């Protein structure tokens, strides 16, 4: 009888597990300014310490000690929606048919990164450490938005540690690497709650959108994965890269809090709804847990140097988003008992992205770069919503490297254009989804300083 609230809680968890949508699904692929300037086509070059993310085998060819410090700034897209939602109109009864135009809040996410590599003298053995944020998130809609029952504020603050070892087979000009991914994430969200019935425990007409109160959720997870890399340079002008990053299952544990502000809200948590309205409020809390399997990725890459100054690269990346099949929560509190073990299917699909990039060395101190990439969205039409208004996207980038004897300063800019996403998944029984069009664009700036010792 409370399936509507269960769906709300499931949907509320999703923003904490997606990124800012600049790789397939919610993966952020922009983890180094040099690579970003070439559209992230870098797995076959992998010639600075950021190779630890793109292809860890690259550190096998880096001499001495190198340290790469940087940051990615993401101007989170101001998503625009035009159409109808379960709350568009005048709740509680006149909803679901009024056409509205809604815009999410703008925000800026800063995601720092750190990479270091060390190659032993006299031995073809290298060690590396990468620290980055692969899944940062900041997404919010106004408190009065027609999407307020699906998301108001959602954020994730992740950090990933990657210790790596690499070995170089000089006779073959081949580098191999293996590493561990240790991912820690803090998740938080806030949203309003609505019910399609005035008495949630015994639904009956009139059906509409009845306010319950507000929901907050905070949780954390720490889990492990692994990565492998291969980089082969059969000729001076040609190199091939292959990199694999395993699935990671995030076991998220935290606390859910529901503040009931109406008689309908009191009934939702099993309390008598006969108290005088609007003077009574009640709070329900519960430990909450769930598991999400983040996808594995496979990168295939080739780089070619037709001249001494020009380098061209093409990468293809497969992301195994079919691992994201469903969401299922467990709540410890008896007040949330009826919400347990009710899975919601997501049914994402595996997708490919394609990246083209190039670099031209004007002189030993200046290199110019440009790139393009296309990402296919893994999200099926029936699960697109304001939490992840994902779409196929085209990304265009430019960049430059400024070098001296101590190191290189890399700068890059990227414009991400999301193809308009039309959806027809509005469901008045659960008060979720929408009928209309989502439009988004995003802008990224990156800077990395690479020092050699």
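The values are calculated or read from the model by the stated rules, or taken from the named source; none is laboratory data. Just so you know, these numbers come straight off a predicted model, no measurement behind them. Here Cβ is always computed from backbone atoms with ideal geometry, including for glycine, and neighbour counts include all displayed protein chains.
Number of residues in segment 128-162 that are without any contact (Cβ under 8 Å) to a residue 60 or more places away in the chain and not in a loop (DSSP other than H, G, I, E, B): the value is 8. In this structure, does residue 92 turn out to be touching a residue at least 40 places away in the same chain (Cβ under 8 Å), in contact with a helix residue (DSSP H, G or I) (Cβ under 6 Å, 6 or more places away or on another chain) and assigned to a loop (DSSP other than H, G, I, E, B)? No; evaluated as a whole, the condition is false for this residue.
Candidates 229, 213, 208: the one that is touching a helix residue (DSSP H, G or I) at 6+ places or on another chain (Cβ under 6 Å) and modelled with pLDDT under 90 is 213. The single condition among (1) in contact (Cβ under 8 Å) with a residue 24 or more places away in the chain; (2) touching a helix residue (DSSP H, G or I) at 6+ places or on another chain (Cβ under 9 Å) that residue 47 does not meet is (1).
Yes/no per residue for (1) buried (at least 24 other Cβ atoms within 10 Å of the Cβ); (2) part of a loop (DSSP other than H, G, I, E, B); (3) at pLDDT 95 or above:
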residue	(1), (2), (3)
39	yes, yes, yes
44	yes, yes, yes
52	yes, no, yes
59	yes, no, yes
68	yes, no, yes
75	no, no, no
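Within segment 414-427, the only residue that satisfies the criterion of being assigned to a loop (DSSP other than H, G, I, E, B) and surrounded by 15 or more Cβ atoms within 10 Å (Cβ to Cβ) is 426.
Do you know which of the residues in segment 332-356 that are in contact (Cβ under 8 Å) with a residue 60 or more places away in the chain and assigned to a loop (DSSP other than H, G, I, E, B) is nearest to residue 229 (Cα to Cα)? Checked segment 332-356; the qualifying residue nearest to residue 229 (Cα to Cα) is 348. Regarding segment 191-205, can at least one residue be identified that is under 21 Å from the mean Cα position of the chain (by Cα) and either crowded, with 16+ Cβ neighbours inside 10 Å or free of Cβ contacts under 8 Å to residues at least 40 places away in the same chain (or both)? Scanning segment 191-205, I find at least one residue that is under 21 Å from the mean Cα position of the chain (by Cα) and either crowded, with 16+ Cβ neighbours inside 10 Å or free of Cβ contacts under 8 Å to residues at least 40 places away in the same chain (or both), so the answer is yes. When segment 365-383 is limited to residues that are outside any strand (DSSP E or B) and over 15 Å from the mean Cα position of the chain (by Cα), the one that is farthest from residue 30 (Cα to Cα) turns out to be 382. Only one residue in 193, 189 is at pLDDT 85 or above, assigned to a strand (DSSP E or B), in contact with a strand residue (DSSP E or B) (Cβ under 9 Å, 6 or more places away or on another chain) and within 24 Å of residue 282 (Cα to Cα). Which one? The unique qualifying residue is 193.
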